[in-house]
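Note sheet for the following structure.
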Amino acid sequence: MVMDSKTLYARAQQLMPGGVNSPLRACRYVNSEPVFIDRAAGAYLWDVEGRQYIDYVLSWGPMLLGHCDPEVAEAVYVAVNKGTSYGAPCEGEVSLAEEITKLIPSMEMMRMVSSGTEATMSALRLARGYTGRDKVVKFIGNYHGHNDAFLAAAGSAAQAVPGTPGVPDDIVKHTLLAHYNDLEAVKAHFKESGDEIACVIVEPAAGNMGLVLPEDGFLQGLRDLCTKHGALLIFDEVITGFRVSLGGAQQRYGITPDLTTLGKIIGGGFPVGCYGGKKEIMEHMAPCGGVFQAGTLSGNPVAMAAGLATLKVLQKRDYDALEARTREFATALTGILKDKGQAVTLNHIASAFTIYFSEVPVTNMAESSACNGDLYATFWKQMQAQGINLAPAGFECAFTSFVHTDEDLEKTLEAARNVTF
């Protein structure tokens, strides 16, 4: 049987909605079809036809060490050979939890789960159970997984299906919306419904409407409002955790949330998530308290081994140097596009960035949505053809890793110089 992306996609469309297991992979925002990947190593992907790509998607962020880091791979090999799933406690989950709380002290106690979506879903349930309240404030364009309560004006691929059929109005009526960086809108919600709001959940640096950074005072304002009104502040650090700093966005911005959700990176690329916070709050979870959540694969020994190895290696890496290299690279890439007469604006933090095809700064979802998607599609297709793997939508982040070389970055800049609009 011929092994190529076109053939595989035709087969996949007979078996999966849109031929994919996650909507954005269908590449419809860039008017293309997906490339099927055969393997990955370091900063590179190879498709089933053998073409190599320099990867700036990095499994949507977690591969900060690159693909198949040797120390992580060795830890996985050892763990697999001891068993792939126990459905029982193991040493690995204790060791990983100890490492996480050392790096993110606000997570005094935590619960391992199997995805970022499961982590945010569980954190919301806990916040409601702890406060005895129902309402949640979320921000338009922030994506917290596909839990019903969060699929109200969500970012990422969810914006393709506004309102999201299948989500009952009775559930999202408890979700109060505000634009990211609009503290006054949050104040208005608390003024009207303060004693009904269980929590505010936020991506401290948004990553699902492209990268959008918090304006000065925004996160502190959320912290102050939650404290004043007895609501919990939840930081969704599925993207920012361990990427923007070893202590996440909360360390970088100096804000302590009540609960934090993590995912992706703490499994070293394996399916995993985690939520945690103050011990007083977390002990409301069963079996200590009455808030229920469970999972057979929670604390999976292979994922725990991969995550622990990842965090150990990250502590030996130079974050400041990677941030400087990423800033220089992203600025040069932006300059190349400007020299071609395109209106572009750059948002950057640590090893993540987004270049928007826009004349104005992007600080919220409305401004992100107004960017020129057709120009991004043109850019994406020509970069893909030259072996550069970028996210198949202009409202996603690009990521660098500790294994991207200067040669990789220069090849990428050269590819951009070859793009025509």
### Summary
If unit charges are put on Cβ atoms (+1 for Lys and Arg, -1 for Asp and Glu) and the dipole of region 90-219 is taken about its Cα centre, the option from His179, Leu96, Met112 lying farthest towards the positive end turns out to be His179
### DSSP bridge orientation in the chain - percent antiparallel, rounded to nearest 5
60
### Euclidean distance of C-alpha centroids, region 1-70 and region 179-195, integer Å
40
### Query
How large are Rg and Dmax for region 275-421 when only the alpha carbon atoms are used, in Å?
20.4, 61
### Task
Return the carbon/sulfur percentage of the accessible area of the chain, one whole number, probe 1.4 Å, all protein chains in place.
53
### Segment Phe292-Val360, extension gain: residue separation times 0.36 nm, minus the distance between their alpha carbons
19.9 nm
### Task
Might you tell me the accessible area per residue for the chain, computed with a 1.4 Å probe and given in Å²?
42
#### Entry: Among Leu262, Ala415, Gly129 the positive-end extreme of the charge dipole of the chain (Cβ point charges)
Gly129
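Taking the convex hull of the alpha carbon atoms in region 1-117, what volume per residue do you get, in Å³?
181
In the chain, what is the volume of the convex hull around the alpha carbon atoms, normalised per residue and reported in Å³?
Taking the convex hull of the Cα positions in the chain, it is 141 Å³ per residue.
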### Query
Which of Val20, Val172, Val238 moves the most in a Gaussian network model of the chain with Cα springs under 10 Å?
Val20
### Message
Order 322-328, 112-118 from most to least packed using the mean count of other Cβ atoms within 10 Å.
### Response
112-118, 322-328
### Summary
Put Met16, Met3 in order of accessible area, largest first, probe 1.4 Å, and you get Met3, Met16
## Note on the structure
Phi angles of region 316-323, converted by Karplus (6.51 cos²θ - 1.76 cosθ + 1.60, θ = phi - 60°) into ³J(HN,Hα) in whole Hz with x for Gly and Pro, give 9, 9, 9, 5, 4, 5, 5, 4
### Summary
Using alpha-carbon positions, the gyration tensor of region 171-300 gives root eigenvalues a ≥ b ≥ c; with a/c under 1.5 called rounded, otherwise prolate if a/b exceeds b/c, else oblate, the class is oblate
### Query
If you take the charge dipole of the chain about its Cα centre, with +1 on Lys and Arg Cβ and -1 on Asp and Glu Cβ, which of Thr345, Gly335, Val30 is farthest toward its positive end?
Val30
### Query
Counting Lys and Arg as +1 and Asp and Glu as -1, each charge on the Cβ, what is the dipole of region 310-386 about the Cα centre in debye, to the nearest 20?
340
### Task
Rounding to the nearest 20 debye, state how big the charge dipole of the chain is about its Cα centre with +1 on each Lys and Arg Cβ and -1 on each Asp and Glu Cβ.
380
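Helix-only mean residue ellipticity at 222 nm, the chain, DSSP H runs n ≥ 4 weighted -39,500 (n - 2.57), per residue, nearest 500. What is it?
Numbers: 14 runs with 152 residues, N = 421.
Theoretical 222 nm ellipticity from helices: -11000 deg cm²/dmol.
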### Task
List the relative contact order of region 1-90 as a percent without decimals, with contacts defined as Cα pairs under 8 Å and 6+ residues apart.
19
### Task
When a/c is below 1.5 the answer is rounded, else prolate if a/b is larger than b/c, else oblate, so apply that to region 315-378 with a ≥ b ≥ c taken from the square roots of the Cα gyration tensor eigenvalues.
prolate
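The values are calculated or read from the model by the stated rules, or taken from the named source; none is laboratory data. Computed from a predicted structure; not experimentally measured. A quick note on method: Cβ atoms are made from the backbone with ideal geometry, for glycine too, and the neighbour counts reach across all protein chains shown. Protein only, heavy atoms only, side chains kept; ligands, DNA and RNA dropped before computing areas. Shrake-Rupley method; radii C 1.70, N 1.55, O 1.52, S 1.80 Å.
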